[in-house]
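Beneath this line is the structure, given in structure tokens, with notes to follow.
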Amino acid sequence: SPVPPPRDHFAWSLCTMLYGNICCLGFMALVFSVKSRDRKVLRDYSGALSYGTTSKYLNITALLLNIFFVILLIALIASGTIVV
């Protein structure tokens, strides 16, 4: 049976870039996703896997940073440090 091609995480990277582009990590994830897609088209599955994995880790890092900053913002508002 043929091995399925590696994932490029394009949709996740696009959402990260549009809604959580902290420190440009979403944009970098999108760039690596596109590179992964290009490698898939050329049937270079090891290159596609490498770029796709990098994209995944950039997306995870951006997600964790976004969660951290939202929790920090809520804590600062709740403590009265930031007045809305």
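Numbers at a glance
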quantity: Rounded tilt (10° steps) of 10-19 against the dominant C-alpha axis of the chain; calculated: 20
quantity: Given charges at beta-carbon only (K, R positive; D, E negative), |dipole| of the chain in Debye; calculated: 260
quantity: Mean separation of Cα contacts under 8 Å (6+ apart) over length of region 4-45, as relative contact order %; calculated: 42
quantity: Whole-number percent relative contact order across the chain, with pairs defined as alpha carbons under 8 Å at least 6 apart; calculated: 31
quantity: Label-point separation, ALA78 to ASP38 (7 Å along Cα→Cβ), nm; calculated: 4.5
quantity: Within the chain, helix-based [θ] at 222 nm, where runs of 4 or more DSSP H residues each add -39,500 (n - 2.57), nearest 500; calculated: -25000 deg cm²/dmol
quantity: Simple spin-label estimate for ARG7 and PHE68 in nanometres, 7 Å along Cα-Cβ; calculated: 2.3
quantity: Region 56-84 and region 1-42: distance between their alpha carbon centers, rounded to Å; calculated: 24
quantity: Distant alpha-carbon pairs in the chain (separation over 18 angstrom), percent; calculated: 50
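FYI, it's all coordinate maths here, none of it is from the lab. Everything quoted here is computed from the prediction, not taken from an experiment. All Cβ positions, glycine included, derive from the backbone under ideal geometry; neighbour counts span all protein chains shown.
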